[in-house]
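Asker: Submitted below is the structure of interest, expressed as structure tokens.
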Amino acid sequence: MGISTGTGALAHALNGSDAIRWYNTLFMAMTVFSSIAVFFALKATIRFTKMYSGMRTALTIANYTLLLVFTIYTVVTNNFEIFKIHAAAGLFLIFITHLVAWLRSHTGSGWIMSGMGISFFTVLIHTKQFSLSPWFNYKDISHVIMMVSLVMIYNGIHMMSENLKLSVFRNNLQNKAV
């Protein structure tokens, strides 16, 4: 997500300049990087949930398929709107997963759910192009909200790792080292 944000900031800096080709290239790269970030967020959510291996495999295949479809569409059309659909679908699935986990008192899921919930506002603000001024427009507002969201999600993941000590993954790593 950080690579996507940095690429987007550089692209927006070039917007309106004579370097329109660079802007278009960076903007497409930012959109692809954003889809990759959604892919990994969904991948982490699939690993987080307890489910039958057949369902896990089906969701993993769906996740790869969505990444491929959205990436091809982005490269062909250079259209950011398709990413909004990808992001909204990914946010929704992650939100629901952590809502259920939060209702079951899973440590950290409340923060992740809240961060994902706040992220929905960025899609709405960007789509409606809600701006406070030309100098603080819908893109700026969306990025500020995304930063708050990322801090909340990080806090939830940190709470999970402290609580669980990432037992599933750390035990496997520790056993191999011994």
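Since every read-out is calculated from the coordinates, none of them should be taken as a lab result. Small disclaimer: the values here were computed from a predicted structure and weren't measured. Cβ placement follows ideal geometry from the backbone for every residue including glycine, while neighbour counts extend to all protein chains displayed.
Asker: With 17 Å as the cut-off, how large is the P(r) tail for the stretch 33-164, expressed as percent of Cα-Cα pairs? Walk me through the numbers on the way to the answer.
Answerer: Working: 5340 of 8646 pairs.
Cα-Cα pairs in the stretch 33-164 separated by more than 17 Å: 62 percent.
Asker: Separate question: Quick one: how many lysine pairs does the stretch 33-164 have with C-alpha atoms less than 23 Å apart and a gap of 8 or more or different chains? Give me the count, please. Present the calculation step by step, with values, prior to reporting the outcome.
Answerer: Details: Lys43/Lys84; Lys84/Lys128; Lys84/Lys139; Lys128/Lys139.
Lysine pairs, 8 or more places apart or on different chains, close enough: 4.
Asker: Order these peptides, 104-114, 146-156, by their mean beta-carbon neighbour count within 10 angstrom, highest first.
Answerer: Working: 104-114: 18.8, 146-156: 17.3.
Per-residue Cβ counts within 10 Å, averaged per peptide and sorted highest first, yield 104-114, 146-156.
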